[in-house]
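Let me begin by presenting the structure, written as structure tokens, before commenting on it.
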Amino acid sequence: MLLSIVIPARDEAGCLEPTVNGLVEHLRSEDIPFEVVIVDDGSSDGTYDVACGLVASCPEVHPVRNSGRHGFGCAIAFGIGRSRGEAVAIFMADSSDSPEDLVTYYRKLDEGYECVFGSRFMRGGKVIDYPPHKLLLNRMANYFIGLLFGIRFYDTTNAFKCYRRNVIEGLQPLISCHFNLTVEMPLKAIIRGYSYAVVPITWRNRAVGVSKLKIQEMGSRYLFIVLYLWLEKHLSRNDYNRRTDSEVLPSERGFEERKNA
């Protein structure tokens, strides 16, 4: 199963090379077939040149430039459209995500799950150098989403997740152009009936560069996508679900609670 890793990158010239080199080295050591799609999203610092420079030593790397509307979500959608893998993972350019956790995701998909979501806050998860004010807002937002949708998964806002290709196709159209895509994709997958596993992961704050997430700008966008999907869940009469509850495999029922017990 070919794994496509989509890395959105805007002004990440200072951290892109070590992130990709570490990722490639680890995936090679695990004998996982993969490609890395680096999406330059309108950078002004030479990010695309750095990405192109990686190709000589990492032929698995495919740099592309987002030729459409810019924004975190748009960059991911652009990269997904240019990926070839049977599985697609979103991975951050700033080394905040762990290659070891990505291998765990891949192995979980091999077990038959259609999505794998990481949680930094469940037992076994870890965060390193998380800014306190962002941590507080993160926990409030994720618990609100969990309660609203009746799910026991409290790290929806983290971008680092993995999906089988059939799930990606079932989530279309993706409508979030910014960081709210991190919420749109997993919530759509959950309410449309795709099977998923939740595993503990490690997250570390970036050592180089500046975060592109602007809390002041994103609040209303997150709220919009959450309410949009809440309406789908309660008013669509399962029109977008890929199968009815009676068709869900018995082995899939209740796995969410077991994972978070």
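The values are calculated or read from the model by the stated rules, or taken from the named source; none is laboratory data. For clarity, every value in this text was computed on a predicted model and none was experimentally measured. For neighbour counting, all protein chains shown are included, and Cβ atoms are generated from backbone atoms with ideal geometry for every residue, glycine included. We work out accessible area using only protein heavy atoms, side chains counted, and drop any ligands, DNA or RNA first. Shrake-Rupley method; radii C 1.70, N 1.55, O 1.52, S 1.80 Å.
Couple of notes before you dig in:
- Residues that are surrounded by 21 or more Cβ atoms within 10 Å (Cβ to Cβ) and within 15 Å of K233 (Cβ to Cβ), drawn from the range 133-170: I145, T156
- G14 vs. criteria of a type outside the set (S, T, N, Q), more than 13 Å from the chain's Cα centre (by Cα), closer than 18 Å to L171 by Cβ and assigned to a loop (DSSP other than H, G, I, E, B): no
- Subset of the range 14-50 (residues that are under 16 Å from S96 (Cβ atoms) and in contact with a Leu (Cβ under 6 Å, 6 or more places away or on another chain)): V20
- Exclusive hit being open to solvent by 10 Å² or more (accessible area, probe 1.4 Å) and farther than 30 Å from K233 by Cα, set S98, S83: S98
This table checks each residue for (1) in contact with a helix residue (DSSP H, G or I) (Cβ under 6 Å, 6 or more places away or on another chain); (2) touching a residue at least 60 places away in the same chain (Cβ under 8 Å).
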site: Y105; (1), (2): no, yes
site: K108; (1), (2): no, yes
site: E114; (1), (2): yes, yes
site: G125; (1), (2): no, yes
site: P131; (1), (2): no, yes
site: N138; (1), (2): no, no
site: L147; (1), (2): no, no
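- Scan the range 1-10 for residues that are more than 20 Å from G85 (Cβ to Cβ) and open to solvent by less than 60 Å² (accessible area, probe 1.4 Å) and the total you get is 0.
- Checked against (1) assigned to a helix (DSSP H, G or I); (2) surrounded by fewer than 20 Cβ atoms within 10 Å (Cβ to Cβ); (3) among the β-branched types (V, I, T), T182 passes all but a single condition, namely (2).
- Subset of the range 70-80 (residues that are within 20 Å of F160 (Cβ to Cβ) and either among the hydrophobic types (A, V, I, L, M, F, W, C) or open to solvent by 20 Å² or more (accessible area, probe 1.4 Å) (or both)): F72, C74, A75, I76, A77, F78, I80
- Here the strands (runs of 3 or more DSSP E) wholly within the range 69-154 that include at least 1 residues being small (G, A, S), farther than 18 Å from N180 by Cα and modelled with pLDDT of 95 or more are 87-90.
- When the range 45-69 is filtered for residues that are touching a residue at least 40 places away in the same chain (Cβ under 8 Å) and surrounded by fewer than 16 Cβ atoms within 10 Å (Cβ to Cβ), only R69 remains.
- Failed item, numbered, when A93 is tested on (1) under 17 Å from F34 (Cα atoms); (2) surrounded by fewer than 21 Cβ atoms within 10 Å (Cβ to Cβ): (2)
- Single condition A13 does not satisfy, out of (1) in contact (Cβ under 8 Å) with a residue 60 or more places away in the chain; (2) crowded, with 16+ Cβ neighbours inside 10 Å; (3) among the small types (G, A, S): (1)
- Residues that are closer than 30 Å to R139 by Cα, touching a Gly at 6+ places or on another chain (Cβ under 7 Å) and surrounded by fewer than 19 Cβ atoms within 10 Å (Cβ to Cβ) do not occur anywhere in the range 30-41.
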